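Notes to accompany the following structure.
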Amino acid sequence: MNIPFFDLAAAYRELKEEIDGAVARVMASGWYIQGEEVEAFEADFAGYCEAKHAIGVANGLDALVLALRALDIGPGDEVLVPSNTFIATWLAVSEVGAMPVPVEPVPTTHNIDPSRLADAITPHTRAVIAVHLYGQSADLDGIAAVTRARGLYLIEDAAQAQGARYRGRRIGAHGDAVCWSFYPAKNLGAMGDGGAVTTDDAGLADKIRILGNYGSRRKYHNEVRGRNSRLDPLQAAILKVKLPVLDQWNDRRRAIAERYIAELADTGLILPEVPDWAEPVWHQFVVRSQNRAADMERLDEMGVPTQIHYPLAPSQQPAYNDLPLRSPLPIAEKLAAEVFSLPIGPHQDSEITDRIIDAVRKIR
Ligand SMILES: *Cc1c(COP(=O)(O)O)cnc(C)c1O
């Protein structure tokens, strides 16, 4: 049997009856925008994230855009972002008219390096977006020490980190606004697009909710120039079914990651490092190799699919070839040249993991 990189339909197979029931319920309700299904999921998700408020939105990119807008960040402002993230983090900053200013990561954890923030701050800096890349929390205390001292907002891009913890507390409200994606392949994935923002700030939650609903609280009364970005009730109903099993599914990912870390330790691949304050949920299992292309090709020949997250840093993308860079980004570029991801997921059984480990051990 071919090993899939990630088996998206497996989640449906495991929860088919409940998902079918939820979908049929929404279809029969005649209520297809906002309403009870969305409110019920928002309440469950806020509770799960240990946050006071959750606002469903259309996708993860919109979650970031709406958080930035609600914090009045726009033209003339600068926002510090990781130099090595998925491009959505940068695009959100660009979309509100502000400038993304990249900050290099700690290479062993792939997350933004708090000790590099101060040098990137100018009088125009308004916020830091911390990304919990590959499912492992960034160094939130280290970042918050800087944002608090400089009066900056802390926004978290938690698109890859549903269920992760930082110093024992769930990701969900450490920063001012925490932005989520429910893209199907995320740890908590919908069957289409979806997203959310969680926060402990009632005023901010209210602003985000209004901005995502045409700037209106009351139909046809528009307080601000908003947009249409709402979580689909169908997706909310599906997510509500999947949320109760998320911890169990993340545990299955963790078991695979623990095996990779133990059984690939002597292969010469650089394995991810987990600081003692992080409880990652292993959205991706990312290794580094100086012979990446050859390694990936040999694994492919042995039936083990791999992917690269991400082959180019945002600063290397044509989309950002006009961005004035204040300093070179050698760490992001080195990581982009060396990283590749091994298959991992809640429906990858131990026999498949055996085969992946065997194959990696044979090629190294
Ligand atoms: C997936 C992702 C996003 C964007 O989410 P969408 O729902 O696809 O818009 C943003 N940031 C990171 C780090 C992501 O992985």
- Query: What is region 267-317 by shape, rounded, prolate or oblate, if you read a ≥ b ≥ c off the alpha carbon gyration tensor as root eigenvalues and call it rounded for a/c under 1.5, prolate for a/b larger than b/c, and oblate otherwise?
  - Reply: oblate
- What is the calculated FRET efficiency for Ala40 to Arg167, with r their C-beta to C-beta distance and R₀ = 25 Å, to the nearest 0.05? 0.25
- Message: How large is the direction-averaged shadow of the alpha-carbon convex hull of region 245-363, in nm²?
- Response: 9.3 nm²
- Treat each spin label as a single point 7 Å out from the Cα along the C-beta direction, and report the Thr122 to Trp31 distance in nm. 4.9 nm
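Which whole-number percent gives the relative contact order of region 8-244, counting Cα pairs below 8 Å spaced six or more residues apart?
Across region 8-244, relative contact order equals 27 percent.
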- Can you work out ³J(HN,Hα) from phi for every residue in region 236-245, in order, using Karplus 6.51 cos²θ - 1.76 cosθ + 1.60 and θ = phi - 60°, giving whole Hz and x for Gly and Pro? 4, 5, 5, 5, 5, 6, 7, 4, x, 9
- ³J(HN,Hα), Karplus 6.51/-1.76/1.60, whole Hz, each residue of region 108-120, x for Gly, Pro: 6, 10, 6, 9, 3, 8, x, 6, 9, 5, 4, 5, 8
- Note on the structure: Once Asp141 and Arg361 are pulled to full extension, the length gained, defined as 0.36 nm per residue separation minus their Cα-Cα distance, is 75.5 nm
- Message: Would you report the distance distribution of C-alpha pairs in region 43-144 as whole percents per 10 angstrom bin, up to the bin with the largest distance?
- Response: 15, 43, 35, 6
- Note on the structure: A student applying the Cα gyration tensor rule (rounded when a/c is under 1.5; otherwise prolate if a/b is larger than b/c, oblate if not) would label region 163-242 oblate
- Query: So how far apart, in nm, are the two label points at Thr108 and Arg326 if each is 7 Å from Cα heading toward Cβ?
  - Reply: 2.7 nm
- When the Debye formula is applied to the Cα atoms of region 132-184, each taken as the same point scatterer, what base-10 log of I(q)/I(0) results at q = 0.20, 0.22 Å⁻¹? -0.66, -0.78
- Query: Taking H as built 1.01 Å from N, whose amide H comes closer than 5 Å to the amide H of Tyr214, not counting residues under 5 places away?
  - Reply: Arg227, Asn228, Ser229
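Evaluate E = 1/(1 + (r/R0)^6) for Asp247 and Asn222, where r is the Cβ-Cβ distance and R0 equals 41 Å; express this FRET efficiency to the nearest 0.05.
The pair Asp247/Asn222 has a calculated efficiency of 0.50.
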- What list of ³J(HN,Hα) couplings, whole Hz, do you get for region 69-84 from phi and the Karplus terms 6.51, -1.76, 1.60, once you set θ to phi - 60° and write x for glycine and proline? 5, 5, 8, 6, 9, x, x, x, 8, 10, 10, 7, 9, x, 6, 10
- Note on the structure: In debye to the nearest 20, the charge dipole size for the chain, taken about the Cα centre with +1 at each Lys and Arg Cβ and -1 at each Asp and Glu Cβ, equals 560 debye
- Query: When the Kirkwood radius is taken over all Cα pairs of the chain, what Stokes-Einstein diffusion coefficient follows at 20 °C and 1.002 mPa s, in µm²/s?
  - Reply: 102 µm²/s
- Item | Amide H partners (placed H, <5 Å) of Val101, local residues excluded | Val79, Leu80, Val81
- Among the listed pairs Lys242/Lys334; Lys16/Lys186; Lys240/Lys334, which are separated by more than 28 Å between their Cα atoms? Lys242/Lys334; Lys240/Lys334
- Antiparallel as a % of all DSSP beta bridges within the chain, to the nearest 5? 60 percent
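Each value in this text was obtained by applying a stated rule to the coordinates, not by laboratory testing. What you see is a predicted model; the values in this text were computed from it and never measured. Positions of Cβ are generated from backbone atoms using ideal geometry, with glycine treated the same way; all protein chains shown enter the neighbour counts.
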